[in-house]
Amino acid sequence: MTAWPALQVAVTPRRDEFMPGLMLRDDEKNDFPPGGTASIVRRHDASTSQLGKSSLGILGTLFDREGLASLNGLEPGAVTALTWRAELERVFGPGVAASRLGLKRRLSICPACVRPPLRLIRRQTALPLMHGCEVHGIWLRTACVCGAPIEPFGRVVDRRDPEGRLIAPFHCQSCGRPWESLPRQPLGPRDELRQRRVAHAYQVVLGRGGPDVIENARRVLALDEGGRWDHGWCLSDDAALAERAMEARHVKSISAVVANLVLREIPPERVLERPREGPHPDLLCRNAECPTYGTSGAIRVSSERSNGTESYCAECGSRFLGERTILSYDLGNASGDLSRLTVLHAQARLADYAARLAEAATFLAYTDRSAEVDHVFHAAGVPQASHLRARRLGLVGLVARRLGRPVRGQNSSDRRDRHPDLVADGFADRWSFPRFAVAALPTEAGPPARRDRHASEAAERAGRHPRPESTGSRR
Amino acid sequence: MARPTRTAAIPEPPEGGAGPSPLFAQVIAEQRGREPFVPLDRYIPTGFACRLEALMEHAYATGSWFLFTAFPGDGKSTALEHFEGAHAPSREPGGDGSSTRIVPVLSTRVSSGVQSTDRLVGALADELGAVPRIGPSRTRAWLVGAIVRAKVRMIVIDDAHELRLGQLSYLRELTDQLKRRGVRPSVVLLAAVNSKEPRSCDPWRLIVKDPLVAEQFRRRLNGPDPVVRVAGLSEAEVGRVLRTWELQYAPAFPELALARWAGSLFTWLTDKRNDTAGAGRARMKQLAEVVHAALGLAWAEERPGNAHDGMDLYDAALRLTVRGDASPVFDVDLDELRRAS
């Protein structure tokens, strides 16, 4: 830190003031050209071209912040409070880059806020996606009417307007027009509402978020993602918001979090919630036929829904939404939420799954010895839902036995197929076997014998598709 | 060596120099583990300082221009520092949360590093507050406004004997611009001289060398007495300074009795070899050097009660007188000294 002598006229930071705004007020009060104070506290390795960047006050890295505080007779940390450094460091840790907040190409000012004697550039205007002034309800300006961008400091200190007059602080660096005279365009109702949501989201994420806020945001956005992509949630009339719509796994910056929360209309407070570890204490298995009935020992949480937490029982495969049973495979589930017909339909669906899985497992056991249970579910077209892997449903055990894999919770000597009739004799009609394995496919489980080479070549010449020797209709 | 008497002048230095060197004695004592003797740095309102400050108060009150001169070592800068303390800068709060630094006395020192006018402008601007890196012309314009904002009532240039004509002209230009804005600060140039004639100092010679410049300055300088020399310490004033030191050093030197040597010290310090200009006054700088050398020697030798001797003062005065003619050689085996201790 460099100990600078105090400025002749020292100013006190205002509430929510942005650091470049404080320096401009210093310039104005001390009769300096715009950037005069910045040139005093500018670090030696900062080039003049960097002074034009919009991100120069996000972290205040280009300037000696404690030096600026001593210039104004302030406490050392008073200037850091005029940047977003503390908030970003709380989320991303020390050494954070300004790009973690998000990209904002130009500095924005509110023409009403910068009028004398207020002369206030609010800290919120530096945030990406903030296009309006919350206080005055007007659009922020990023450019002068002459087309030049709003720059707090000129790259040349002693700059003059076209008429040869020195350009003062809070004036356009190109034409010398006062910023307070820029047109004031009111925000529409929708824009104002959206700006409020954006501001609120920033307030929550930056003001209250901790080191896990990005991970939490990814989790929350991912839970919401399944249906949103299909329903076109990314269509927004705000281009800045729309261009930040992205999948949860790509979210890295604060502005991306905010944009996606606002677009999906998710309350930003959700990113502050910690992920629940283990089942909710209120979630119990409500299937009376399940051995874990009335306990949470086999309860697993599958997702968060707007009307409750969806869970399932890893023992019986029943599904619950909050305290309501939404699916069960047992008629004696003792739930008033499920009809008998619903359970019967579920059982029929389960039987179909079992048949398809048995066929696929039998087939893959011959053709692909490295096949796993997941592959079989995929090949059979059975949903890879967690509740379908419940122990009592027996689907995973069925597949594992057919594949010759050990089954969890089962004695290794008991590998007997308890459902030998699940695979019909003609099941292979629905599967495409390799040509060389046609003749030797046995009816019982076991490796196929090698076929005679001449017989295979003869079959190819005949142009017939290879088939197993025994065929029959599907059960 | 004969014991000095009150009115005896300093004799010629004996062969081989004066008595034991206070410097060597202190260094050897420090090597043996004794803490170093550090003279107190406190302002003493000497007769010279009171006279100079009274003149500056007059200039401050009347807004006139003066050239005050004195011999080197009389204590001009110390008196100026105390005067600035009496008119210390303050902060005046503004209505919008800002505060402006009010500097009643704007002073700077001209030295070999401030030879150009721009450097003088920069030095004056630095006294008002931090200044950005803007060009010289912009800084000059800024300085006028800054002086008005700071409500400066007096501009003091220390070591003004090193001023150049361009810098003097700038002072005139600056005060003209201030006058247009309704501010008329007084200007005091503090210069060192080496003769009893104050008009022989450099700023005045620069002014009178050019008749036109002299005419322009004459209108601003105080009419009948624009150049004033401030006299050094009289014998009685030397006694008061010694008495003050007795009180200040009493905790560390309980048996200190300096005031009784006032006459002798005044005589030794106004010897023609010390007082080359023949002013017949003692200089504060030399008085402090003699006394502090004697106290340092007494401290190093760890005498009972740290009592000094009149002979120490005489030796120190003698060393001061022959300074530059005889250089002692420091040739002590410090390793042997440390082993012995």
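A compact table of results
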quantity	calculated
Burial ranking of peptide ranges B:222-230, B:163-171 (average Cβ count within 10 Å, highest at the top)	B:163-171, B:222-230
Loop trypsin sites (Lys or Arg not before Pro), the stretch A:105-157, which have at most 15 other Cβ atoms in a 10 Å radius of their Cβ (DSSP)	A:R105, A:R106, A:R155
Average silhouette area of the stretch B:191-271, convex hull of alpha-carbon atoms, in square nanometres	7.8 nm²
Local net charge near B:A340, Cβ-Cβ under 11 Å (Lys/Arg +1, Asp/Glu -1)	0
Cα coordinate range in chain B, projected on the principal axes (Å, largest first)	71, 47, 34
Candidate lysines for bridging to B:K272, where Cα separation is under 19 Å - those fewer than 8 sequence places away on the same chain excluded	B:K196, B:K285
FRET efficiency, 1/(1 + (r/R0)^6) with R0 56 Å, evaluated for B:R184 and A:R190 via beta carbons	0.35
FRET E, pair B:R32, A:H136, Förster distance 56 Å, beta-carbon r, rounded to 0.05	0.15
Chains B and A, summed buried accessible surface - 1.4 Å probe, Å², nearest 100	1900 Å²
Bridge type composition, chain B - antiparallel percent by DSSP, nearest 5	20 percent
Three-way shape call for the stretch B:26-107 based on the alpha-carbon gyration tensor, with the a/c threshold at 1.5	oblate
Residues in the stretch B:114-141 that, when all protein chains are in place, have 30 Å² or more less accessible area than the chain alone would give (probe 1.4 Å)	B:A130, B:P132, B:R133, B:I134, B:R138
Peptide-level mean, for A:366-377, of C-beta atoms on other protein chains within 10 Å	0
Global form of the stretch B:85-152, assessed from the alpha-carbon gyration tensor, a/c cut-off 1.5	oblate
10 Å Cβ neighbours from other chains, averaged over peptide A:23-30	3
Probe 1.4 Å, protein heavy atoms only - accessible area per residue of the stretch A:1-148 in square angstrom	37 Å²
In order through the stretch A:188-203: 3J(HN,Hα) via Karplus (6.51 cos²θ - 1.76 cosθ + 1.60), integer Hz, x for Gly, Pro	x, x, 5, 5, 5, 5, 5, 5, 5, 5, 4, 4, 5, 4, 5, 4
Mean accessible surface per residue for chain B, computed with a 1.4 Å probe while every protein chain stays in place, in Å²	47 Å²
Shielding score for A:88-96, defined as the mean number of other chain Cβ atoms within 10 Å	0
Amide H within-cut-off set for B:A191, under 5 Å, with H built and near neighbours excluded	B:F68, B:T69, B:A70, B:A160
Alpha-carbon centroids, the stretch A:381-402 and the stretch B:39-108: separation in whole Å	95 Å
Compactness of the stretch A:120-184 as Cα Rg over 2.2 N^0.38 Å, two decimals	1.18
Accessible surface of chain B [probe 1.4 Å, protein heavy atoms]: carbon and sulfur percent	50 percent
In order through the stretch A:345-355: 3J(HN,Hα) via Karplus (6.51 cos²θ - 1.76 cosθ + 1.60), integer Hz, x for Gly, Pro	4, 5, 5, 5, 5, 5, 5, 5, 4, 5, 5
Solvent-accessible area per residue for the stretch A:316-388 (1.4 angstrom probe, square angstrom)	45 Å²
Charge dipole magnitude, Cβ of K and R +1, D and E -1 - the stretch B:228-292, Cα centre, debye nearest 20	240 debye
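The values are calculated or read from the model by the stated rules, or taken from the named source; none is laboratory data. Computed from a predicted structure; not experimentally measured. All Cβ positions, glycine included, derive from the backbone under ideal geometry; neighbour counts span all protein chains shown. Note: accessible area is taken over every heavy atom of the protein model, side chains too, but ligands, DNA and RNA are not part of it. Shrake-Rupley method; radii C 1.70, N 1.55, O 1.52, S 1.80 Å.
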